[in-house]
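Contents: one structure, followed by commentary.
The values are calculated or read from the model by the stated rules, or taken from the named source; none is laboratory data. From a predicted model like this one, the values you see are computed outputs, not experimental measurements. Neighbour counts run over all protein chains shown; Cβ positions are idealised from the backbone, glycine included.
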């Protein structure tokens, strides 16, 4: 274990094209540059909180603080694993896996963003598949949930392609005006019954207790 104080730095998920891991300071700066270059059209807002509309230097400072805070606030009963996504060595986006009371509920949520230059290439599905493999195969999750605005068909398409089912309607108001979302849910049974992406998971065992897990899934 090369990071005994925070073993999650040793956690790596690898797919056919991608490497997902906790970004260091230099990688966080590179991810920030990708986000500033554009994630979505300026007249759209796919996120629950409109963080992409902040101006420099507030954008960069709060971006960096967000990633520090996710680690500083980590508890086994409430955690958010925010992984940088790298194509070869190029920073291209972020994939989150989060849970509350995971030891009891065994349910995770996901969120992500991807630089515009890398969209519509199947990467969104590949990176979500990586953290679902971590959740179901590594941590022993029973279910995964997510949601997307109805005007974000790309996110909903990834969910359906991976095996999620529609699970109701939600509401979020990123700009102060309520908009409806479609909620999705997938169980471990569905995950295991379908063809699954090839994902290698390294460095998990030393950090299992941080997820509220006593043994691998």
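Numbers at a glance
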item: Enumeration of residues in the stretch 110-141 that are farther than 18 Å from residue 210 by Cα and assigned to a loop (DSSP other than H, G, I, E, B); result: 115, 119, 120, 121, 122
item: The listed residue being surrounded by fewer than 16 Cβ atoms within 10 Å (Cβ to Cβ) and within 20 Å of residue 8 (Cβ to Cβ), out of 103, 154; result: 103
item: Matching residues in the stretch 59-101 - criterion: being over 14 Å from residue 112 (Cα atoms) and in a strand (DSSP E or B); result: 75, 78, 79, 87, 90, 99, 100
item: Given (1) touching a strand residue (DSSP E or B) at 6+ places or on another chain (Cβ under 9 Å); (2) modelled with pLDDT under 95; (3) loosely packed, with under 13 Cβ neighbours inside 10 Å; (4) within 28 Å of residue 213 (Cβ to Cβ), index of the condition residue 165 fails; result: (2)
item: Residue 6 vs. criteria surrounded by fewer than 16 Cβ atoms within 10 Å (Cβ to Cβ) and under 28 Å from residue 198 (Cβ atoms); result: yes
item: Where residue 130 falls short, out of the listed (1) under 26 Å from residue 37 (Cα atoms); (2) touching a strand residue (DSSP E or B) at 6+ places or on another chain (Cβ under 6 Å); (3) surrounded by fewer than 22 Cβ atoms within 10 Å (Cβ to Cβ); result: (3)
item: Residues being in contact (Cβ under 8 Å) with a residue 60 or more places away in the chain and not in a loop (DSSP other than H, G, I, E, B) - total across the stretch 19-58; result: 9
item: Residue, farthest from residue 84 (Cα to Cα), within the stretch 144-154, restricted to residues that are out of contact with any helix residue (DSSP H, G or I) (no Cβ under 7 Å at 6 or more places or on another chain) and in a strand (DSSP E or B); result: 149
item: Failed item, numbered, when residue 111 is tested on (1) buried (at least 22 other Cβ atoms within 10 Å of the Cβ); (2) out of contact with any helix residue (DSSP H, G or I) (no Cβ under 9 Å at 6 or more places or on another chain); result: (1)
item: Hits in the stretch 179-204 (condition: assigned to a helix (DSSP H, G or I), in contact with a helix residue (DSSP H, G or I) (Cβ under 9 Å, 6 or more places away or on another chain) and loosely packed, with under 15 Cβ neighbours inside 10 Å); result: 192
item: Matching residues, the stretch 143-170, being without any contact (Cβ under 8 Å) to a residue 24 or more places away in the chain and farther than 20 Å from residue 192 by Cβ; result: 153, 157, 166, 168, 169, 170
item: Matching residues, the stretch 149-162, being closer than 17 Å to residue 39 by Cα and touching a strand residue (DSSP E or B) at 6+ places or on another chain (Cβ under 6 Å); result: 149, 155, 156
item: Search result, residues across the stretch 45-65 that are crowded, with 16+ Cβ neighbours inside 10 Å and within 18 Å of residue 109 (Cα to Cα); result: 46, 47
item: Residues located in the stretch 26-54, provided they are at pLDDT 95 or above and out of contact with any helix residue (DSSP H, G or I) (no Cβ under 7 Å at 6 or more places or on another chain); result: 26, 27, 29, 30, 31, 33, 34
item: In the stretch 137-149, the residues that are crowded, with 20+ Cβ neighbours inside 10 Å and within 14 Å of the chain's Cα centre (by Cα); result: 144, 146, 147, 148
